[in-house]
Amino acid sequence: MAIDHLRDLSNPAAANRVVIKVGSALLVGPDGQPRQEWLAGLISEIADMRAAGQQVVVVSSGAIALGAARMGLAKGGRGSLADAQAAASVGQIALAGLWSRLLEHHGLGAAQMLVTLGDLEDRRRYLNASSTLARLLAAGIVPVVNENDSVATEEIRFGDNDRLAARVAQAASADAVLLLSDVDGLYDRNPSDPAAVLLDRVDGVTDEIRAMADSGSASGLGSGGMISKLQAAEIAERAGIALAIVNGTRDKPVRTALGSGRGTLFVPQRCDGGRKAWLGGRIDLRGTLVVDSGCGDALARGSSLLAAGITAVQGEFARGDVVSVAGAGGRILAQGLSEYSADECRAIMGIRENGQAEKLGYAPRPAVIHRDHMVLL
């Protein structure tokens, strides 16, 4: 059964497995203390979903905010990397205990999963995370996932839990992601504008849709804004996963949003298989191959990327790294696993296969990125 409307997220036949993302500003008050009453209401909704036959994975922010309050750190613990990591270390204990205690009131067990960008970018570790999630859900446990900010640095972190939620949804083979936000959904312009119109459904994230996004996070506690939510929607929609943005500030936010139908639903655009869904959701890209228009057209028809169509190579990468493929105008067309290093790509770009051996010193491979290892965006 397809997910076509917000209310479908409450139907176990359409959304059997749902990822719910909770941001810092919803879970933690301005005083650095957890919003116990609000959270208790949300957890009662999760219990109702479980009783109805749905499985739930939670992606929860809040560790840094909770830890900063306990340590008395300025700027919510985000004054420096050391402060953020220390606050996360303290806050993770409080956060895990909070979820565990409140879920237990409804007879539900909780499990904590801390992940870094590398855990979901590396294929083997991604499969390990997927297996763990599957086993927990089969056992009736509610996994509570967060980025491991105690060890992650700017270079190796998601940076927001919106994209993390979409990647977790892929790993968990979820049907839907529900992003609880501080706004009702995606508006056609900044929601502070009285003329702004809420979009109730988006069939594919386009340049026009991206232009509507406001990059700011209104609360100051979180790290994401509407742009990160659109990036999450793109990851989800390619993997056959519906994603909804709804207002989480109200009591019983899931029931309120789904009952009223107020929010924005991003409808899946295709359903890539497991490996291609993982590849299409990769965030840590090491470089870019710029191609001519003829090559771009060939890629759209399902061809592999050949060196003859490459006009420029950006960044430094090794064989097997994930790189993006951009058209002459800069638009990203695809991403995939490069069969060559950046230096090798520079040596053979624009050259047909019969002339590549002299440049490389060995027989060339059939393609720079084979179509089986590439995802069109």
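Laid out as a table, the results:
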item: Sequence ranges 271-278, 41-48, ranked by mean other-Cβ count within 10 angstrom, highest first; result: 41-48, 271-278
item: Peptides 261-270, 320-329 ordered by average Cβ neighbours within 10 Å, highest first; result: 261-270, 320-329
item: Derived scalar couplings ³J(HN,Hα) [segment 161-175; Karplus, 6.51 cos²θ - 1.76 cosθ + 1.60; whole Hz; x for Gly, Pro]; result: 8, 5, 5, 4, 4, 5, 5, 5, 4, 4, 5, 8, 6, 6, 8
item: Cα-based reach from LYS276 at 12 Å (exclusive), listing aspartates and glutamates while leaving out same-chain residues under 8 positions away; result: ASP372
item: For peptides 331-341, 233-243, 134-144, 79-89, sequence by mean Cβ density within 10 Å, most packed first; result: 233-243, 331-341, 79-89, 134-144
item: Helix-only mean residue ellipticity at 222 nm for the chain, each DSSP H run of n ≥ 4 adding -39500 (n - 2.57), per residue, nearest 500; result: -10500 deg cm²/dmol
item: Percent breakdown of C-alpha pair distances by 10 Å bin, ordered from the shortest bin, for the chain; result: 5, 23, 30, 24, 12, 5, 1
item: Cα long-axis angle, helix 226-238 against the chain (0 to 90 degrees, to the nearest 10); result: 70
item: Debye, to nearest 20: dipole size of the chain, +1 on Lys, Arg Cβ, -1 on Asp, Glu Cβ; result: 640
item: Euclidean distance of C-alpha centroids, segment 30-100 and segment 256-281, integer Å; result: 25
item: Phi to ³J(HN,Hα) by Karplus 6.51 cos²θ - 1.76 cosθ + 1.60 over segment 246-256, Hz, x for Gly, Pro; result: 9, 6, x, 7, 7, 5, 6, x, 5, 4, 5
item: Farthest toward positive dipole pole in segment 6-278 [+1 Lys/Arg, -1 Asp/Glu at C-beta], among ALA165, LEU73, GLY185; result: ALA165
item: Computed P(r) (all Cα pairs; segment 229-377; 10 Å bins; percent); result: 11, 35, 26, 13, 9, 4, 1
item: In sequence order, calculated HN-Hα J values of segment 369-377 (Karplus, 6.51, -1.76, 1.60; Hz; x Gly/Pro); result: 10, 6, 4, 6, 10, 9, 10, 6, 9
item: 5 angstrom amide H check on VAL145, placed H, neighbours 5+ away; result: VAL58, VAL59, SER60, MET113
item: Principal-axis tilt of helix 81-104 within the chain, Cα atoms, nearest 10 degrees; result: 50
item: Residue-span extension gain [SER192 to ARG331] - 0.36 nm each, minus C-alpha spacing; result: 47.1 nm
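Every number here is computed from the coordinates shown, using simple stated rules; none is lab data. On a predicted model such as this, the values are computed, not experimentally measured, just so you know. Please note: Cβ atoms are built from the backbone with ideal geometry, for glycine as well, and neighbour counts cover all protein chains shown.
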